[in-house]
Each structure stands twice: as structure tokens, then as C-alpha cells.
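Read-outs: derived from the displayed coordinates by stated rules, not from any lab. Predicted, not measured: the structure shown is a model, and the values here were computed from it. We place every Cβ from the backbone using ideal geometry, glycine too, and count neighbours over all the protein chains shown.
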Amino acid sequence: MFNPVSPQGLAISNVFILTLLIAAVIFALVAGLVIYIAVKYRGRPGAVDPEPNFGHTRLEMAWTAGPALILAVLLVLTIKAMGESDPAASDASARAANVASGQQASDQPDIVVIGHQWWWEVRYPGPGVVTANEIYLPTGKRMLVRVESADVNHDLWIPQLGRKMDMIAGQPNYITLEADVPGVYLGACSEYCGVEHGKMLIRAIAESPQAFQSWEQEQKVAAPAPPAGGNAAVGAQLFAQKTCISCHAINGTAANGRAGPDLSHLASRQTLASGVIPNTPKNLADWLKNPQIIKPGSYMPNLQLTDGEVQGLVAYLETLK
Ligand code: CUA
């Protein structure tokens with residue numbers, strides 16, 4: 001919030017800081033007067049009550065007009081910041097109309113983010129890339145983002161990039177996401193959405209346009225064929241036999257479930273369980289062994305896997321770069 005990396009974030013941050021400064025001045029003024037008066041008119045032996053002041057017209061006009069003026073200035077600046085931090089109205093409504101009328105892929109928003117209990121589906125309709133819990137952005141480009149929900153209401157907020165936006169089932173909303181400085185920007189769900197609301201974290205990863213493009217290319221590639229032997233081969237088989245494939249998709253295999261995150265390039269992601277733990281083989285094993293310890297209430301069930309099965313699945317999933 002104090003460290004914006006986009007024009008949209010800057011517009012909001014400026015209004016926030018100005019409001020904070022005005023509030024600080026008013027607080028100092030009021031607190032200072034209270035202290036001054038309390039000291040000056042404190043009770044002393046033999047003191048008489050000070051004369052109260054009634055009907056001071058000019059003073060009353062000043063303390064009515066002053067706050068009204070401050071609020072009017074803040075209103076104007078807030079409306080201006082709203083305009084700067086929202087996608088252009090024409091842009092969003094034109095695209096929404098396209099969506100309603102069965103549009104061409106090229107008319108789609110750049111990114112679609114879908115809130116689930118308790119993770120984020122991230123789709124790039126143009127290149128056909130699907131990932132989860134991280135939003136890659138090319139630096140310096142305004143990306144139009146459509147936000148949706150698969151279940152209850154969520155809210156996408158990455159403070160350094162700009163405004164938050166509610167994700168409502170059946171009511172797509174639009175925001176722009178832009179990052180002018182490469183980096184990783186943390187965000188979170190900011191609408192209470194159930195028991196694991198607090199563990200619904202997201203990160204925006206801003207890279208140079210070239211790096212973004214090569215990321216996009218890598219994500220489009222189908223998963224490598226499952227290894228012929230070893231632990232990973234066992235894992236690939238388990239993945240198809242256990243219930244994994246009814247919830248997860250792996251591009252290029254029979255797995256095409258949509259209830260859980262797409263795992264096509266799981267090993268290339270920074271975190272597991274929607275930002276809760278770093279994506280390491282050890283953490284992946286712990287997660288598979290019992291997701292309910294790491295994220296109680298998660299819809300990822302405890303499959304009662306043996307240690308050997310966990311090792312096989314980890315070996316297989318680590319090949320999905
Ligand atoms: Cu999703 Cu709170």
C-alpha cells in the first residue's frame with residue numbers, strides 16, 4: 001500500500017497518505033487543545049470557574065465550513081483515484097459484451113482469476129495457459145483481469161498493484177493489474193469465505209516482457225511423458241489410479257479434473273496449498289501425507305497414502321516443471 005508499483009496503486013496510495021496526513025493534523029490539533037485547556041484551567045485552591053463561551057458565530061461557521069471543505073477535497077481526489085485505478089469503462093463493458101455473446105478468444109480479457117475455497121485458478125485465455133495461486137505479469141503492461149468465483153464470494157487484493165475486487169459467482173468483475181517493477185507482490189483473499197480464508201494467499205510475479213513470454217511458452221508445453229521406470233513411474237500410475245485425476249488436471253494426460261488446481265507445471269510454482277508453504281519436495285510429501293494438518297478444512301483429502309506411495313507421487317509431480 002505504501003510502496004505501489006503501478007499507476008493504479010499509486011493513485012490509491014496518494015489518497016490514502018493524504019487522508020492520513022489530514023487526520024494526523026486534526027488529531028494533533030484536538031489533542032493539543034484538550035491538553036492545553038486541561039492544564040490552563042486545572043482546579044487550583046481558590047480558583048473560580050472560567051467564563052463559558054456561548055454563540056460565537058464566526059467560530060461555529062469556521063468549524064462547519066472547514067470539515068466540509070476537507071471532505072469536498074477528499075471526495076474530488078477519491079473520484080479521480082477511482083478513475084485512475086479502474087479499467088477504462090469502455091474497455092471493460094465492451095469485453096463483457098463479447099463474453100456474453102460467445103466471443104473470440106482474442107476478445108477475452110488477458111487473465112481470468114477464479115476464486116475457489118481456498119485457492120486461486122489463474123487462466124490466460126489467449127495463449128491457453130492455466131496455473132494456480134500465482135499471477136505472472138509482464139512489467140509495464142496493463143493487463144485486463146476478469147475475476148469470478150466458483151463457489152462463495154472471495155476478493156482479490158494485491159495491495160502494491162492497486163484496488164481490490166470482489167469475486168462473485170455469476171457476476172464477473174474487471175480490474176487492471178499492472179506492475180512496473182519486476183518482483184513478487186503478495187496478496188490475499190479479503191472477503192471472509194470460510195474456515196481457510198486466512199490461508200488463501202496469492203502472489204503476483206512481475207517479470208520483463210521477454211521473461212514473461214518464455215514463462216508463457218513453458219506453461220503451454222504439455223507435461224512430459226511419465227517416466228518408464230523408477231519412483232516417478234510408480235507415482236504417475238498412482239496418480240491415475242487414486243482419486244487424484246477426478247479433481248486435478250495435467251495437460252497432456254488423462255487427468256482433466258477442475259475441482260482442484262491444475263498441476264501441469266506444479267514443480268515450477270513457488271508455493272503449495274495457495275501460498276501456505278514453499279514448494280519443496282519435503283513440503284509436497286507432507287502435504288500429500290496429510291493435507292489437513294497443513295490446511296485444516298481444505299478440500300484436498302487425506303488419502304491415507306503409505307510413505308512409499310507419497311515418495312512415488314512426489315517423484316512424479318517433481319517432473320512437472
Ligand atoms: Cu476466499 Cu476469503
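Observations on the structure shown:
- Spread over its residues, the convex hull of the C-alpha atoms of segment 113-266 is 124 Å³ per residue.
- Kirkwood Rh in Å, taken over segment 1-96 so that all alpha-carbon pairs contribute: 17.6 Å
- The C-alpha atoms of the chain define a longest principal axis, and helix 7-40 lies at about 40 degrees to it.
- Compared with the alpha-carbon gap, the fully stretched path from residue 242 to residue 51 is longer by 60.3 nm at 0.36 nm per residue.
- Cβ crowding within 10 Å, taken as a proxy for footprinting-reagent exposure, orders 19, 139 from fewest neighbours to most as 19, 139.
- Separation of the residue 222 and residue 282 label points, Cα + 7 Å toward Cβ, nm: 3.6 nm
- Normalised per residue, the volume of the convex hull around the Cα set of the chain (Å³): 190 Å³
- Helix 307-317 axis, angle to the chain major axis (alpha carbon atoms, nearest 10°): 80 degrees
- Secondary-structure-derived ellipticity at 222 nm for the chain, considering helices only, amounts to -13000 deg cm²/dmol, per-run term -39500 (n - 2.57) for DSSP H runs with n ≥ 4.
- Listing 61, 82, 165 from fewest to most neighbouring C-beta atoms within 10 Å gives 61, 82, 165.
- In percent, rounded to a whole number, the relative contact order of segment 208-295 is 17, using alpha-carbon pairs under 8 Å and six or more apart.
- Magnitude of the charge dipole, the chain, Cβ model with Lys/Arg +1 and Asp/Glu -1, debye to 20: 480 debye
- Given 80/199; 80/141; 141/220; 220/289; 80/164, the pairs whose alpha carbons are separated by over 28 Å: 80/199; 220/289
- Cα-based helix-to-principal-axis angle, 89-100 vs the chain, degrees rounded to 10: 30 degrees
- The residue 292 and residue 321 beta-carbon pair, evaluated with R₀ = 25 Å, returns a calculated FRET efficiency of approximately 0.35.
- Ordering 110, 262 from the fewest to the most neighbouring beta carbons within 10 Å gives 110, 262.
- Inter-label distance for residue 21 and residue 233, nm, one decimal - labels placed 7 Å from Cα along Cα-to-Cβ: 6.9 nm
- Between segment 148-222 and segment 275-321, the alpha-carbon center distance in angstrom: 23 Å
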